[in-house]
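Here is the structure we will look at, set down as structure tokens.
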Amino acid sequence: QIGDFLGRVGTVSQAFVSNAAGTAFEAPGTPWEFQHFYREFDFYFQDSWKVKQNLLLDLGVRYEVKLSPSSSGLPILAPSQLVAFDGTPSNTVKWTEGKLFPNDLNNISPSIGFAWDPFKKGKTSIRANYRLAYDRLNSQVNGAQLFQSAPGNNVGVTNTAFGQAGGLLRNGLPVLTPTTTPTIERQPVAFGSGLQTVFDNRSEYPEIQSWSVSFQQELFGSNLLEVNYLNKRGEHLFGAYNANEANINAQPAGFTSFLTEFNAIRANAAYNSPLINALYTGSAANNAGTATFRSTNTANIANGNVASAAISASSRTSGTSQLIAVNGFSPFLFVPFPQFGGLRVLETNDISRYQALEVNLKRRFSKGLSVQGSYVWSLSKDSRSFDPTFTIASTGNPVSNLTFQSSSSTPFRNNDRSLNYAWSDFDRRHVYNLSFVYELPFGKGKMLASDIPAALDWLIGGWQLSGLANYSSGRPFTVYSGLTTFSNNVSTPANCNGCPRDLGAIVEESGTTFYFDAAKRAMFTQPNPGEFSNTGRNYFIAPPEFRFDTSLSKKFRITEKMNFELRVDARNVMNSVVYGFGTAVVNSSTFGRIRTDILSAARRFQFSGKINF
């Protein structure tokens with residue numbers, strides 16, 4: 001690049017941080033110095049009482065004081081009003097020094113349990129426990145997404161004139177100086193397109209209730225039977241959503257709703273909408289408004305993306321102002337906080353429910369063999385499976401994020417979280433496990449070749465074979481329409497009339513692996529504008545998983561205190577293929593295709609040796 005050789009400069013940018021008082025920005029090069037603290041004070045009492053010789057009672061209680069995050073260096077800034085989907089719409093939100101949420105002082109956690117030997121023979125045990133516990137909030141998301149990006153904490157200054165005038169690096173760079181102050185920056189302009197993250201100031205610390213019942217019985221020989229029932233309920237779980245959800249049913253006085261007009265435009269190429277005309281031109285009779293809407297929303301109209309079209313109308317500008325506001329409509333017609341293009345709200349309103357029945361049968365090591373097998377039936381449901389610690393809730397930008405499997409953890413409708421309550425991403429209805437350790441019956445003291453010479457016994461005796469097998473049901477997944485017929489934050493799941501959850505199966509078409517064959521793909525349809533799905537989140541089930549690992553090992557004695565251990569490990573010895581669910585977006589040209597969506601690794605052997613001394 002000749003420009004690089006000449007040392008030509010295109011753009012000069014520099015960031016400045018606020019001083020502690022928030023009155024001015026510091027000198028160039030001043031580092032960002034900010035520490036945040038999550039103080040808590042925990043008190044607990046717990047003890048066990050032997051009520052009877054065969055009955056043990058365990059009682060305890062915890063009291064946890066969890067304080068709102070505090071800081072040093074720079075203050076914590078928070079919105080001056082409630083910023084949430086159910087807050088009062090506003091375009092004058094500003095940031096002031098304060099708390100993210102109140103101190104949490106009422107966290108009392110009881111714990112009660114018992115262990116009982118009903119027959120007083122030491123071979124039977126019945127246990128039960130109940131506990132209420134409180135969890136911490138992850139601090140990483142605040143440090144990465146909230147504190148540093150709070151308006152007024154920093155500002156970027158950019159100079160493009162220097163480069164446009166042919167500026168050269170050898171002549172020195174221009175000095176950049178902020179033309180604003182932290183106080184001004186703390187109140188964003190009334191209309192903008194930036195992304196901002198806030199914390200709902202009504203948030204509480206997550207609460208988990210758990211209870212369990214366990215039965216253990218020693219059987220004949222060295223066998224042990226164990227049956228457990230587990231149940232957990234999570235409340236106030238950490239989550240996030242985009243408060244600027246499109247109001248597709250917006251209806252200004254004197255007009256029909258935006259959804260109705262969108263469908264009318266979609267159905268009739270000659271139709272001119274009074275509402276769209278007025279939104280785009282200020283006059284209900286000016287058909288240039290509908291013409292502009294059609295030309296700028298061609299794909300949205302054709303596909304039924306009413307939510308994307310609503311955002312398009314809301315974000316259209318007149319100079320630096322919001323067009324619909326200039327034309328006499330409420331700036332909050334489509335979104336409640338037009339100061340921001342996306343407004344991610346961290347909160348604690350998600351829930352989870354889990355229950356499981358576990359059956360374990362264990363043979364203790366005896367006569368060269370130990371075996372343990374287990375079966376777990378479980379059911380897990382929640383309103384969000386994807387913790388937004390590192391990837392915050394979908395805001396519709398970029399559009400490709402709308403069909404991630406994790407995106408279905410973002411609310412489909414902010415004021416109706418029941419639409420997201422479904423099977424968890426990690427729900428596995430049936431899980432079987434089998435593990436064993438077996439000493440091969442060769443060598444002295446064994447069933448076979450017990451009278452061989454010592455030298456030969458050193459080679460073939462003492463070998464041990466072990467293995468671990470696992471089979472589990474497939475994970476739930478969402479089949480998306482790929483359209484925004486209901487929300488601008490998440491693609492609407494597809495419709496599938498009369499489809500069972502296990503509709504999919506591994507098939508091949510023209511040498512390519514599919515999870516839905518052509519006949520099953522034809523069963524899926526797209527929801528209409530304004531319509532939600534009849535399948536919803538995580539309705540379908542991916543292929544089951546199976547894996548079997550084995551290991552063969554032996555220790556060769558060298559001296560009294562030294563031996564050489566030789567191992568051969570085989571991973572996925574059956575070379576089982578664990579498929580993903582492929583492309584789960586109906587309007588994709590590759591819908592239902594798996595191809596390279598393989599979750600398992602191929603069979604692998606590993607030889608290793610080590611000297612123990």
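The values are calculated or read from the model by the stated rules, or taken from the named source; none is laboratory data. All values derive from a computational prediction rather than experimental measurement. FYI the Cβ positions are ideal-geometry reconstructions off the backbone, even for glycines, and counts take in every protein chain you see. The protein model used for the area step is the full one, side chains on, heavy atoms only, and it has no ligands, DNA or RNA in it. Shrake-Rupley method; radii C 1.70, N 1.55, O 1.52, S 1.80 Å.
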Please enumerate the residues belonging to region 467-506 that are surrounded by fewer than 17 Cβ atoms within 10 Å (Cβ to Cβ) and among the polar types (S, T, N, Q). N470, N497
Please find, among F486, F436, the residue that is assigned to a strand (DSSP E or B) and either within 36 Å of the chain's Cα centre (by Cα) or touching a residue at least 24 places away in the same chain (Cβ under 8 Å) (or both). F436
Pick out the one residue from F220, F238, F255 that is assigned to a loop (DSSP other than H, G, I, E, B) and open to solvent by less than 60 Å² (accessible area, probe 1.4 Å). F255
Would you mind stating whether A285 is surrounded by fewer than 23 Cβ atoms within 10 Å (Cβ to Cβ) and within 19 Å of V490 (Cα to Cα)? no
Starting from residues that are touching a strand residue (DSSP E or B) at 6+ places or on another chain (Cβ under 7 Å) and among the hydroxyl-bearing types (S, T, Y), keep the ones in region 573-599 and report whichever is most open to solvent (accessible area, probe 1.4 Å). Y579
Determine whether region 308-328 contains at least one residue that is open to solvent by 60 Å² or more (accessible area, probe 1.4 Å), part of a loop (DSSP other than H, G, I, E, B), of a type outside the set (S, T, Y) and more than 20 Å from G341 (Cβ to Cβ). yes
Taking the residues in region 155-180 that are open to solvent by 50 Å² or more (accessible area, probe 1.4 Å) and not hydrophobic (A, V, I, L, M, F, W, C) as candidates, determine which candidate is nearest to P31 (Cα to Cα). G156
Which ones in region 411-454 are among the aliphatic types (A, V, I, L, M), closer than 30 Å to V376 by Cα and surrounded by fewer than 17 Cβ atoms within 10 Å (Cβ to Cβ)? L434, V437
Is there any pair with a first residue in region 1-26 that is more than 21 Å from T179 (Cβ to Cβ) and a second that is exposed (fewer than 10 other Cβ atoms within 10 Å of the Cβ) whose Cβ atoms are under 6 Å apart and which are 6 or more apart or on different chains, and what are they? G7/R170
Out of everything in region 547-576 that is of a type in the set (S, T, Y) and farther than 17 Å from I460 by Cβ, what residue ends up being nearest to the chain's Cα centre (by Cα)? S576
Identify, from the list R567, R604, the residue that is without any contact (Cβ under 8 Å) to a residue 60 or more places away in the chain, touching a Ser or Thr at 6+ places or on another chain (Cβ under 7 Å), open to solvent by 70 Å² or more (accessible area, probe 1.4 Å) and not small (G, A, S). R567
Quick check, is Y44 farther than 30 Å from T410 by Cα and open to solvent by 50 Å² or more (accessible area, probe 1.4 Å)? yes
